[in-house]
1. Please enumerate the residues belonging to segment 125-161 that are surrounded by 22 or more Cβ atoms within 10 Å (Cβ to Cβ) and among the charged types (D, E, K, R).
2. Here's a check for you: in segment 193-222, which residue that is polar (S, T, N, Q) and in a loop (DSSP other than H, G, I, E, B) is farthest from N234 (Cα to Cα)?
3. Restricting attention to segment 24-39, does a residue exist that is part of a loop (DSSP other than H, G, I, E, B), modelled with pLDDT of 95 or more and within 15 Å of the chain's Cα centre (by Cα)?
4. Going by what's in this entry, would T227 be described as out of contact with any strand residue (DSSP E or B) (no Cβ under 6 Å at 6 or more places or on another chain), farther than 23 Å from V126 by Cα, surrounded by 15 or more Cβ atoms within 10 Å (Cβ to Cβ) and not basic (K, R)?
5. I need the full set of residues from segment 112-123 which are without any contact (Cβ under 8 Å) to a residue 24 or more places away in the chain and either buried (at least 16 other Cβ atoms within 10 Å of the Cβ) or closer than 21 Å to A137 by Cβ (or both), in order please.
6. If only one of D124, D51 is in contact with a helix residue (DSSP H, G or I) (Cβ under 9 Å, 6 or more places away or on another chain), modelled with pLDDT of 95 or more and closer than 24 Å to L173 by Cβ, which one is it?
7. Being among the aliphatic types (A, V, I, L, M), at pLDDT 95 or above, crowded, with 24+ Cβ neighbours inside 10 Å and not in a strand (DSSP E or B) narrows it down to one of A83, A97, so name that one.
8. Evaluate the following for L98: is it in contact (Cβ under 8 Å) with a residue 12 or more places away in the chain and within 15 Å of the chain's Cα centre (by Cα)?
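The values are calculated or read from the model by the stated rules, or taken from the named source; none is laboratory data. As the structure is a computational prediction, the values presented were derived from the model and not from experiment. Using ideal geometry, Cβ is built from the backbone for each residue, glycine included, and neighbour counts are taken over all protein chains shown.
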Amino acid sequence: MRRRTRFAVLAAIVGMSISVFGVVPSDADTGSNSSWCTTHDKVAIIGTSADTGYGTTGYPADGETYEQTAYGWTFRFGESLHAQWGTTVQNYSHNGALAADYLPGGRWPTTTGAVADITTQQPDLVIIDVGGNEFNAQVSPTTFVNNLTTLVNDVKAARPGVTILMSIYAELLWAPNPWASTENYTWDQYATQIYNTAVSEGVALVDMRQYIPSAGDPNQPNPSPWTSDNIHLNDAGNLAEYGAFWGWTSSIASIC
């Protein structure tokens, strides 16, 4: 496909929703008292392979954490932030991470040390993007929401008054895997828990299902935003994610 046509399709993916950058609960701290309105010095990202660059061109086969890939949404997001405000980004994301991995007893130092580092760094915006691995492993949605709520509150305690932006990942396609041989729960159940947590905790939310079609949808755009595993987003999908996150972040900053 020619370059011009390809980017026209990508623009269509980004513009799939006419909603304004997902759902922002009415009591979310995104107004003039928001830490993101006060200063744009630092951003922290707590996430999964959706946020490391995995699935995009140039991501190493043995990669586990964040890598700077040309089309990875977090890399492009960080570049835009730095160009606009000189912002620095700390990305704690780890492939395969659960919300529980960011709590005491998690599997990797990168994730278990994230909240402590947030205490030191004092970022102005923290993005929390988890849930896909709980769905893939069929972790009980009740267990997931308890861990997610604890994580949100730990971040709030580490950086009082911080602006938090949560995300609902695009609807991946579940298949039997080494962590779960039977599907008991749907992605909608996890998405509902993320939404309810954002509302109850008074934090902002962006819903990627408004921007990217479900991996199970037979009518995919060309190029498709999904990799062949129907779990991860490719270059096109990451560009759509970038549009959503940058749109929210820059829009809030412009109306403070």
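1. If the condition is that a residue be surrounded by 22 or more Cβ atoms within 10 Å (Cβ to Cβ) and among the charged types (D, E, K, R), then D129, E134, R159 are the ones that fit.
2. Step one: of segment 193-222, the residues polar (S, T, N, Q) are 193, 196-197, 200, 210, 214, 219-220, 222.
Adding the requirement that they be in a loop (DSSP other than H, G, I, E, B) leaves 214, 219-220, 222.
Working: S214: 14, N219: 17, Q220: 13, N222: 12 Å.
The extreme case among them is N219.
3. Pass one, segment 24-39, residues part of a loop (DSSP other than H, G, I, E, B): 24-34, 39.
Okay, now just the ones that are also modelled with pLDDT of 95 or more, so 39.
Next cut, within 15 Å of the chain's Cα centre (by Cα) only: none.
No: zero hits.
4. Against the criterion (out of contact with any strand residue (DSSP E or B) (no Cβ under 6 Å at 6 or more places or on another chain), farther than 23 Å from V126 by Cα, surrounded by 15 or more Cβ atoms within 10 Å (Cβ to Cβ) and not basic (K, R)), T227 qualifies.
5. Result: T112, single match.
6. That would be D51, the only listed residue that is in contact with a helix residue (DSSP H, G or I) (Cβ under 9 Å, 6 or more places away or on another chain), modelled with pLDDT of 95 or more and closer than 24 Å to L173 by Cβ.
7. Values: A83 fails: crowded, with 24+ Cβ neighbours inside 10 Å.
From the options A83, A97, the qualifying one is A97.
8. On the way: in contact (Cβ under 8 Å) with a residue 12 or more places away in the chain: yes; within 15 Å of the chain's Cα centre (by Cα): yes.
When the stated conditions are applied, L98 passes them.
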